[in-house]
Structure formats: C-alpha cells, structure tokens
Amino acid sequence: MTIRVLSETVVNRIAAGEVVERPASTVKELVENSVDAGARRIEITMRDGGRSFISVADDGAGIAGDELALAVRRHATSKLAGDDLDAIATLGFRGEALPSICAVSRLDIVSRAAGADGAWRIHVEGGRASTPRPAAHAGGTRVEVRDLFFATPARLKFLKSARTELSHAVDAVNRLAMVHPEIGFSLSDGTRTVVRLAATQGELFASRLERLGAIMGREFADNAVAVEAEREGFRLTGHAGLPTLNRANASAQYLFVNGRPVRDKLLFGAVRGAYRDFLASNRNPMLALFLDVPSSAVDVNVHPAKTEVRFRDAGLVRALIVGALRHALAVAGHRASTTVADAALGAFRPEGTGVVQASGAGGPAYAGGRGRGRVPAGFAERAEAFHAPLPGLQAPPAGADADSGDTPDAADGDGADYPLGLARAQVHGTYVLAQTGDGLVIVDQHAAHERLVYERMKRAMEADGVARQGLLIPAVIELEEDACARLGARAAELAELGLVLEPFGPGAVVVREVPALLGETDAAGLVRDLADELAEFDEALSLKERLADVCGTMACHGSVRAGRRLNAREMNALLREMEVTPHSGQCNHGRPTYVELKLADIEKLFGRR
Ligand code: ADP
Ligand code: MG
C-alpha cells in the first residue's frame, strides 16, 4: 500500500460534508459572510428548498476582482489577520465555506468591491474555478448556488421535502436576524416572500425586541422581560418570556454567544434551572439570550458548523444566566402573561372566534394580532336585543351574593388603586373575584397562596440559612479523591445549605448533618450528585433543587385549600401580598394564579363594542 495525499477536490468534498450539511447550512454560511461584510440588506432566494437554486445578495463591502479566485480557495480568509484564534470577531474565520460549497455545486459569485470601478464574476464547477471576468453589478456581492449536492448524490438522498428544507433555512436566517436587527432580511422561495424583516434602528433593547417580536410573535414581545447582567467581563442581555407563556418544547429558546447562534447543552441547562421554580418540567419558556464573553474565554472552534461552544469557566456562565433570569422574572412581580386572558376570552367566545394560532414555515408565526374582539357578523345585533332590562326582574340588594356569606363592603372603593383590585366575592369557595380600575381579576386562591408560601419559605431560608439535623450515625461515603477534594473545598457553602460533611481520609467523606427539610434522605446519593455537579458546573445544584422541591411540596400542603371560605379581609390581604411578591403570577408549575379581564374585552364579549 502506498500513502498518498488526497486531492484538493476530495478534501473539499469531505469538508463539505461537515460545513454544508443541507441547503439551510449553505444559506447560513452565505448570510454569515454577508453579515461579516457589513451588509445592511441581505436578500435570499431559494428554489426547490434550495436544491436547484440558492442566491444570497448583499450590499456589503464586496470582493475585489483580483481576490475572487482566492475567496473560493480552501483555507483562504480575510478575517484572521494574525494567527490568533483567540481574537475572533467575525462569524467566519476558517475559510472553508465557499470552497466547500463549490465542491458540491455549481457556484457563481458576482461582486463589486466598495470604491472599485467595476464588478467581477467568477464561476466554479466541479472544484474548478474560471478566470474572473468583468461583469455588470451595482454593488455588494451576490453568490448563486445551483444544483447543490449534484456532485455528491449520496447527500442528495438525505434531503427532506422542499418545505422542510426551506423551513430549516428560515430558522437559520431568523437566528442571525435576531443578532442583527440593524440589517434588513428577506427570503423568498421564488414565488413568495417567507421572511421579511425591515431593518430597525435605535436603542439596542428596543430594536431587538421589535425584531424578536417580528420573528417570535407579538405575544412574545408583549410578555417578555428585559434581561441584563454582567459578571467578570461576561455580559448577558436579551428578553425572556414570562413563565405563563410557555411551550411544549424548547424550540422557542434562542441562544447566542458572541453574536453566534448556538445550541449548547450547558446554556439550555442553565435556562431550565432558572425557570425550574416556575414551570412544570415538561414545559419550556420562550426567550432570546445574548451572551458576550471575552473571546479568550470561549472556544468556538469545536465544530465546523460552529453551533457548539466550550467555555473555560462553565460555572460562571451558568451562574450568570440563572442569576440574571431569576432577577428579571422577580422584577416582573405578579405579572402573568396577557395570553392567559386571551385564552380565557377565547374560551368564552362562540366557537371559531377564539385566538387563532397559526404556524407558518419554520417558526412560530402568530396570526390575527391579539385575536381579541372579533365578533361574528350579526352577533352584536342579536346581543342588542337582550340589553333592555328583562321585565319583572328586581335589582338585587347591594352587596348580596348568592355564594358568599361574607361579601366585601362595596364602599371599599373601585379597586383603581390596586393592580389586582379589590376583592368583591369568593365563588365556589375557590376563586376570588376582584374589581380593578378597568376590569376584573379572577384569582385561584390555592395556587396563589401556595406561591406566596413558597416565596416566603425561600426568603426565610436565604435570610436564616437552612435548618440542619444531625445524623445519629454519621454516614461515611466513599468517592474518588478529586471528588472528595472538591466537596471538602466547598464544605462551608454546603453547610449553609444544611449539609455538614468533612473529608475522611483521601477517598471518603463523612456526612454529619443534613438539611432538616429533607427528612430521611439518601445521603450517599445526594453527595455523589453534588460531587458531579461541582465538577461540571461548580455549583451544588441538586441540593438547592431538592430543597426547592421540598419547599414546593410543603407550600402546597400549607396553603389555603380550594374550598375554604375567605372573608373580605383575607381575600384582600391575599391580593395585596401577591402584588408585592415576585413570581406570584404563576404557581410552581407555570400555571397562572390569576386571570385578568379588561372591561373593554368583556364589553366586546357582550357585543357592547
Ligand atoms: P470565511 O468566512 O471563514 O473567511 P468563506 O469561505 O466563507 O470563509 O469566505 C472566504 C472569503 O471570501 C471571506 O474571508 C471574505 O473575504 C470573502 N467573502 C465571502 N463572501 C463575501 C461577501 N458576501 N462579501 C464580501 N466578502 C466575502
Ligand atoms: Mg464564511
């Protein structure tokens, strides 16, 4: 056998297998190049889901005629000035995308460099590039890819339907568009524009929220809180949806590191951790988070597609995300998302007039605006007939209520002074009805109280530490040496959380006290989990998690049950405490604790508007 160096064509085809997995990855690479070139407008066209034709046109810096041939050469890039992989400020840097695409398709580039006299065109097919020729082109760059994967039929077979491939591309474009609200994007499938995002200007948070709303739906923009935090040069910004706005999967979680869309386990895990208190484990929040870290603190060079990253200090990143999200959600206070009211109104309305949730290609589209107030034709007229008082009906005495023997005094005011209003009645021993300045609020008394008790318990734990309980017989747990060392180093912190342990020779720890809350607990299992977490995240997650779980259960048992009568003072006290307690808009499982209906919406319901 003789050893021989692979030809450039073969090398490029192999690389293409990783860099251009499908049409969407081709689109992503080309759009990234346009972003790197400083474009303000990027126009994309895909035919047959990108199989027969992809074109990406921009108004960026362009490529000089004498550099066109270099641009399609392997490992040729204008983006890495020195040899420093630690100082990457652009999306590209490997010089792999264009040669990889060339290796598996027929490619044309026409470009006019800023300030140049004319434009140039180059054609590449089967890995061979033509000599650049003068061309007519107003400015910027247009890259056209025809017959993607014609050179690698095996790959062609793995492509899905045109619609599926298109939707993947839409997702890739949307992600890049979230990072760059200042760039206008459009994507057409040849007959229809499926993405149209106007460039937005102004302050970052505002323009970003506008862009996020355009992509993730109005309801997200209406129900998101701003996130902003910084630690040791790591900066996190973005918008996070209220817990009551949740989804069955994590597809509406958009994460970015240094302007790069990523799908990173560590980051998804941190998000889950931050929302754990507010959402059932099978529900997922909607959010877009942008993490900016010194480029020396992160390695984006893990994979050619660059969607995975590796952090030098994973614990810091996790703590930053969890802390920032918790804080942002706490600031949101008792807010529950408007979608709760939309859903309630939808349920009241005659069939077919509720909120319409449509999903277009590749993303959560939101149809019908707020979906409110559309009353079917003829309904208002029919309702009108019932507005006249029914003959013979006596007005009930003020304050009387069929269900509640303890009706609040009507002289209390009109509720305008309080966000959650003044309690008017309790119905079915379960719900508190309150009147607000411009509507009414229905509170699930058990869910609300459970949340309040839970928050109180957490505050007490933070203030006074966790009560501990000595073990009759201290438990000796054998572990690897470095695990013992890690636990030993964090012993003081663990003691604050109620777990008292100390090293016991080189390969074991001895546990003397455990959090009283946990009762009979499997100390060995807990300690092993903690050792793993300290290694991975530098944080004692499962101890905190278990404590939180117990608090949750205790809060549930210690709360006013549904079915208990509350008097006016109790009901109003509940409302007032909800107003000042963070996270009180949802129970521990992300269900709302109250629903607010605006008078205007109620009036529409009755055809009064
Ligand atoms: P990389 O982006 O990693 O540098 P590519 O193969 O994607 O590698 O592109 C090679 C080079 O071609 C880039 O470094 C850039 O100089 C040039 N280039 C590609 N696309 C564009 C574009 N749309 N506008 C301006 N220059 C471009
Ligand atoms: Mg590139």
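The numbers here are math on the coordinates, done by the rules we state, and not lab data. Computed from a prediction, not measured in an experiment: that's the story for all the values here. Methodologically, a virtual Cβ is constructed for each residue, glycine included, from the backbone with ideal geometry; neighbour enumeration extends over all protein chains shown.
The spread of Cα positions in the range 1-52, taken along each principal axis and listed from longest to shortest, comes to 53, 28, 13 Å. Using the alpha carbons alone, the radius of gyration of the range 204-331 stands to its Kirkwood radius in an Rg to Rh ratio of 0.94. Take the Cβ atoms of E545 and A344, set R0 to 30 Å, and the FRET efficiency comes out at 0.40. Fully extending the segment from A154 to A116, taken as 0.36 nm per residue of separation minus the present Cα-Cα distance, adds 9.5 nm. If only the Cβ of Lys and Arg carry +1 and only the Cβ of Asp and Glu carry -1, the dipole of the range 204-331 around its Cα centre is close to 300 debye.
Multiplying the residue separation of S7 and E125 by 0.36 nm and removing their Cα-Cα distance gives an extension gain of 40.9 nm. Look at the alpha carbon pairs under 8 Å that are at least 6 residues apart: their mean separation over the length of the range 482-526 gives a relative contact order of 29 percent.
Here's the picture: a label point sits 7 Å out from the Cα of A199 along the beta-carbon direction, and within the range 18-39 the residues with their amide nitrogen under 18 Å of it are 31-39. Inter-label distance, R564 to K79: 6.0 nm, where each label sits 7 Å from its Cα along the C-beta direction. Computed log10 I(q)/I(0) for the range 34-94 at 0.20, 0.27, 0.29 Å⁻¹: -0.97, -1.16, -1.17, from the Debye equation with unit scatterers placed on every C-alpha and solvent omitted. Of the cross-linked pairs K160/K265; K265/K544; K265/K458; K458/K604, those separated by over 30 Å at the C-alpha level are K458/K604. Cross-link partners of K157 among lysines, defined as those whose alpha carbon lies under 28 angstrom from its own and excluding same-chain residues fewer than eight positions apart: K28, K306.
Nearest 0.05, what FRET efficiency do R218 and D86 give at R0 = 41 Å with Cβ-Cβ as r? Don't skip to the end; give the middle numbers.
Numbers: r = 41 Å, r/R0 = 1.00.
The value I calculate is 0.50.
Roughly how far apart, in whole Å, are the Cα centres of the range 168-195 and the range 6-73? About 15 Å separates the Cα centre of the range 168-195 from the one of the range 6-73.
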